[in-house]
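Following: one structure in structure tokens, then a few remarks.
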Amino acid sequence: MAEFTPRVFSGIQPSGGLTLGNYLGALKRFATMQDQGSWQTIFCMVDLHAITVWQDPATLARATRELCAGFIASGVDPEKSILFNQSQVVEHAQLAWIFNCVARMGWMQRMTQWKDKAGKNQQNASLGLFAYPALMAADILVYHATHVPVGEDQKQHLELTRDIAIKFNNDFGVDFFPETEPVIEGTATRVMSLRDGSKKMSKSDPSDQSRINLSDDADAIAQKLRKARTDPEPLPETVAGLEDRPEARNLVNIYAALADMTVAEVLAEHGGSQFSAFKPALADVAVDRLTPISTEMSRLMQDQAEIDRILARGAERAREIAAPILKKTYEIVGMVGA
Ligand code: TRP
């Protein structure tokens, strides 16, 4: 195997508001990975993925800028990391075409996200929705990224990315694309719905009470946590005591992640407390950690031109890496003039 420079890539779809789940599961982790400094970090707003289901154009543009503001407010530094939107780096779409010719119909048909999103009427879904995972593979491999932090639900897409890399390498007898390692989020950063501890917190849940939005103010955050579903028992003293108590575990996890503590440390402090005492403590930590982020996001959103400059500069830096890799791919495949 060839040696590849350690490089992290991840993407988020600009499709609606950001939640506490996005923050703890993605943005905050990305900022930590950036600051570890043992690899180059590249983060992308995947607007081409967002249109696999048509978006209102003005809403998409706003969501893209808001996501950029969310990255920065969460600690992703556009100087230390490369931060950009996918459509501005044409190499993603170009490599995706090559990968459309590598991936097999059968591979794509097995993707559970495709089956879920297309539903019963697959014949009426867009070709883009079907090809989505090949574009995702291109996002990653156009940088020869070695590590990709994602949620559990994206694991299958990363396996497909490896299959595409392996098949391309085999088909052309090269050792060109790396076999990317997924960095799957642990339960510690997996945030569940405040209404149902077995469901992931989601921006598409019809109940706004089920989630904390990064745009929520202090009152809304405190009110939602106060009303969060719980069971009648006090908090356990040990981590094992959280088993089979999904709502209690979720609130303790959120506390731990926001306060940068372990679950055991939180229970050492709060074990034995009733939720009537724990929830206000949790609300204090949440307000303390989240309001500076929402304030910074609104500040950044007031200067659209500045956000657009940051994205343009990020795209330029991304292309410096992507363009030579695409060129080499074209040469391998036999494109004249590459
Ligand atoms: N499919 C990912 C999601 O919905 C987003 C994504 C697109 C992505 N391209 C990527 C994630 C490349 C990691 C790497 O969450």
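I'd like the projected area of the chain, averaged over all directions, using the convex hull of its alpha carbons. Report it in nm² with one decimal.
Average projection, Cα convex hull of the chain: 18.5 nm².
Size of the dipole of the chain about the Cα centre, Lys and Arg at +1 and Asp and Glu at -1 on the beta carbon, nothing else charged, in debye to 20? Walk me through the numbers before you get to the answer.
Numbers: 35 positive and 43 negative charges, 169 e Å.
Dipole magnitude for the chain comes out near 820 debye.
If you line up the long axis of helix 57-73 against the longest principal axis of the chain, both from Cα atoms, how many degrees apart are they, to the nearest 10?
Value to nearest ten degrees: 70.
Convert each backbone phi in the stretch 119-126 into a coupling constant with the Karplus relation 6.51 cos²θ - 1.76 cosθ + 1.60 (shift: θ = phi - 60°), then list the ³J(HN,Hα) values in order as whole Hz, x for Gly and Pro.
With the stated coefficients, the stretch 119-126 comes to x, 6, 9, 4, 5, 9, 6, 6 Hz.
Taking the simple approach of a point 7 Å from Cα along Cα-to-Cβ for both Asp217 and Asp196, what is their distance in nm?
About 3.1 nm, to one decimal.
If each residue of separation counts as 0.36 nm, what is the full-extension length gain between Thr262 and Asp208 once their alpha-carbon separation is subtracted?
16.6 nm
Could you state the angle between the C-alpha long axis of helix 155-172 and the longest principal axis of the C-alpha atoms of the chain, as a value from 0 to 90 degrees rounded to the nearest 10?
20 degrees
Calculate the dipole size of the stretch 208-299 relative to its Cα centre from +1 charges on Lys and Arg beta carbons and -1 charges on Asp and Glu beta carbons; express the result in debye to the nearest 20.
260 debye
With just the Cα atoms defining each centre, how far is the stretch 271-323 from the stretch 117-141? Give it in Å.
So the separation of the two Cα centres works out to 29 Å.
Using Cα atoms only, what is the angle between the long axis of helix 304-333 and the major principal axis of the chain, expressed in degrees (0 to 90) to the nearest 10?
Roughly 40 degrees, rounded to the nearest 10.
What aspartates and glutamates sit close enough to Lys155 to cross-link, taking a C-alpha to C-alpha distance under 19 Å and skipping anything fewer than 8 places away on the same chain?
Asp116, Asp139, Asp163, Glu179, Glu181, Glu185
Please list, ordered by chain and number, the residues whose modelled amide H lies under 5 Å from the amide H of Met192; skip anything fewer than 5 residues away on the same chain.
Met201
Would you mind checking which residues have amide H under 5 Å from Val183's amide H? H placed 1.01 Å from N; only 5 or more apart, or other chain.
Here the answer is Val148, Val150, since their amide H atoms fall under 5 Å of that of Val183.
Taking only C-alpha pairs under 8 Å that are 6+ residues apart, what is the relative contact order of the chain in percent?
23 percent
Rounded, prolate or oblate: pick one for the stretch 235-278, where a ≥ b ≥ c are the square roots of the eigenvalues of its C-alpha gyration tensor, a/c under 1.5 means rounded, and failing that, prolate if a/b is larger than b/c, else oblate.
rounded
In the chain, if the dipole is taken from +1 on Lys/Arg beta carbons and -1 on Asp/Glu beta carbons about the Cα centre, which of Met108, Ser126, Ala69 is farthest to the positive end?
Farthest towards the positive end: Ser126.
Using only Cα atoms, figure out Rg for the stretch 208-299 and give it as a multiple of 2.2 N^0.38 Å.
1.08
Which loop GluC sites (Glu not before Pro) in the stretch 173-248, with loop taken from DSSP, have no more than 11 other Cβ atoms within 10 angstrom of their Cβ?
Filter output for the stretch 173-248: Glu243.
Give a quick list of GluC sites (Glu not before Pro) in the stretch 37-106 that DSSP marks as loop, anything other than H, G, I, E or B, with at most 11 other Cβ atoms within 10 Å. Display every interim value, and only then the final one.
Details: sites: Glu66, Glu79, Glu91; in loops: Glu79.
Here the sparse-neighbourhood loop sites are Glu79.
Select from the stretch 97-148 those trypsin sites (Lys or Arg not before Pro) which occupy a DSSP coil region and have at most 14 other Cβ atoms within 10 Å, ordered by residue number.
Counting only loop positions with at most 14 other Cβ atoms within 10 Å, the trypsin sites (Lys or Arg not before Pro) in the stretch 97-148 are Arg104, Arg110, Lys120.
Using helices alone, I'd like the mean residue ellipticity at 222 nm for the chain: each DSSP H run of four-plus residues gives -39500 (n - 2.57), total over residue count, nearest 500.
Values: 13 runs with 175 residues, N = 338.
The helix contribution divided over the chain gives -16500 deg cm²/dmol.
Read-outs: derived from the displayed coordinates by stated rules, not from any lab. Model, not experiment: these values are computed from the prediction. Every residue, glycine among them, receives a Cβ derived from its backbone with ideal geometry; neighbour counts consider all protein chains shown.
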